[in-house]
Amino acid sequence: MKYLPFKQIVFSLMLPALMYVWFVPLCEKGVAAYHRPRMVQVLLHSDRSLLEGEVGVKAVVRDNLGRYVETHLSLALFSSRTITVRTGGGELVFPVSEIQSSPLDDRQVVAAENYRLLERGLNLEIALFTGPDAPLSVMALALFSAVALLALYRVYRKQVRYSSLERIDREQAIASLEHGQRAAQEELDTLSARQESLQGALEQARTALVESAESQTGMEEEIEILETLIEENEEQLIAQKGEIDRLTRHMADQQRPVKEKKSGKRAHREKERIARRLSTLYKHLNVHDRAIQGFLALDESMRLKCEELIHQLNEDPAGVPVKRKVFGGKGLDTFLEAEFAYKGRLYFMRLPGGKAEVVAIGTKNTQATELGYLHRISSGMKSA
């Protein structure tokens, strides 16, 4: 049942019954219409003369119809058949319960009776009936059931093939993310080793500064350089950890069941709605997609506080209290960090003309991820 749609199962169950109800009456009418003119043609065939009274019309009709039914197997497909022969005046000629035979010297009476019946003309009617146990019923149900099962099997194979392709694509995506995560982890290990080396060099410089007062000025400069390198390396460590967290979340998303993709569509529609609302209300702001994602991840109370800060940023970017600057100097773009609702964080840039650009929104818990994102886009801007 995993790969079969419910409507396809219902259709396969209903198809044999529907086709049977349509097909059997059609066969009854069609076969009756086929045999009626042929029965009329053989109705009065006889080697003996009817008008001379050698044999009666009713006996000839009975014998001819009996031979016709026995030699045509298509009539045996039905449960029963009703064949009626009447004169133009409605007198029953076939079937009759008993046909009385006349002696040879009564041929004149038989001939007169035959003439009377033939003068009015004979009308033949045939009706066929198909019961549940009739050969035609069994054949029709078997045929239509086979067609329904074949259609159901084709749908099943199609669904299995589609599911297999989707599983392969998901496994490939997961493998790619795992490779990216390993590469990021290796780079993180390299940065950690560099951090340890810089810390050791800093300690040596401090020791040398204490031992040699003469070279104090030069050592202080070296210490400042090392401290700057350590700060930059710490920022790279934070950015790299954020990248690993992003890859981990992405890989987890790839491993979720296919049914969870429907919630992503709803989140996408909510994201578009928030983007339109912010662009309509705040004309002096440019809001990144990353900032909209972070805004949607907040709870309701923090959203209200965040939007108050966005409103203030739209009206007076210079009046927004800045907690600190991140990634400033050394050719990298400077981002400003503002705080809301105690643990909320908003990162923005001031633009010419009194405008501002909101780059990311998060919390204290996602600070490492957001700083990693800012470092990536800042490096990208510098390369460009």
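The values are calculated or read from the model by the stated rules, or taken from the named source; none is laboratory data. Everything quoted here is computed from the prediction, not taken from an experiment. Because the Cβ atoms are built from the backbone with ideal geometry, glycine has one as well, and the counts that use them run over all protein chains shown.
At a glance:
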{"read-out": "The range 114-165, residues that are out of contact with any Gly (no Cβ under 6 Å at 6 or more places or on another chain), surrounded by 13 or more Cβ atoms within 10 Å (Cβ to Cβ) and charged (D, E, K, R)", "value": "Arg116"}
{"read-out": "In the range 36-86, the residues that are among the small types (Gly, Ala, Ser), within 60 Å of the chain's Cα centre (by Cα) and surrounded by 12 or more Cβ atoms within 10 Å (Cβ to Cβ)", "value": "Ser74, Ala76, Ser79"}
{"read-out": "Complete set of residues in the range 109-147 that are at pLDDT 85 or above, of a type in the set (Gly, Ala, Ser) and part of a helix (DSSP H, G or I)", "value": "Ala142, Ser145, Ala146"}
{"read-out": "Checklist (1) over 17 Å from Asn286 (Cβ atoms); (2) at pLDDT below 90 applied to Arg345, failing item", "value": "(2)"}
{"read-out": "Gln195 being surrounded by 13 or more Cβ atoms within 10 Å (Cβ to Cβ) and out of contact with any Ser or Thr (no Cβ under 6 Å at 6 or more places or on another chain)", "value": "yes"}
{"read-out": "Number of positions in the range 147-191 that are within 30 Å of Cys27 (Cβ to Cβ) and within 16 Å of the chain's Cα centre (by Cα)", "value": "1"}
{"read-out": "Residue match in the range 357-374 (condition: charged (D, E, K, R), surrounded by fewer than 19 Cβ atoms within 10 Å (Cβ to Cβ) and within 45 Å of the chain's Cα centre (by Cα))", "value": "yes"}
{"read-out": "Residue match in the range 72-92 (condition: under 20 Å from Leu118 (Cα atoms), touching a Gly at 6+ places or on another chain (Cβ under 8 Å) and not acidic (Asp, Glu))", "value": "yes"}
{"read-out": "The lone exception for Ala291 - which of (1) modelled with pLDDT under 85; (2) buried (at least 16 other Cβ atoms within 10 Å of the Cβ); (3) among the small types (Gly, Ala, Ser) it fails", "value": "(1)"}
{"read-out": "Flag if Arg350 is surrounded by 15 or more Cβ atoms within 10 Å (Cβ to Cβ), closer than 30 Å to Thr228 by Cβ and of a type outside the set (Phe, Trp, Tyr)", "value": "yes"}
{"read-out": "Selected residue [modelled with pLDDT of 90 or more and either surrounded by 14 or more Cβ atoms within 10 Å (Cβ to Cβ) or not assigned by TED's automatic domain parsing to the domain that holds Arg376 (or both)] from Leu304, Leu247, Leu313, Leu237", "value": "Leu313"}
{"read-out": "Contacts under 7 angstrom Cβ, first residue in the range 35-54 being over 22 Å from Val110 (Cα atoms), partner among the hydroxyl-bearing types (Ser, Thr, Tyr) and modelled with pLDDT under 85, 6 or more apart", "value": "none"}
{"read-out": "Subset tally (residues that are under 17 Å from Lys29 (Cα atoms) and charged (D, E, K, R)) for the range 124-146", "value": "1"}
{"read-out": "Boolean, Val258 is of a type outside the set (Asp, Glu), in contact with an Asp or Glu (Cβ under 9 Å, 6 or more places away or on another chain) and at pLDDT 90 or above", "value": "no"}
{"read-out": "Within the range 329-380, strands (runs of 3 or more DSSP E) holding 2 or more residues that are in contact (Cβ under 8 Å) with a residue 60 or more places away in the chain", "value": "355-363"}
{"read-out": "Complete set of residues in the range 135-151 that are closer than 15 Å to Ala76 by Cα and among the β-branched types (Val, Ile, Thr)", "value": "Val138"}
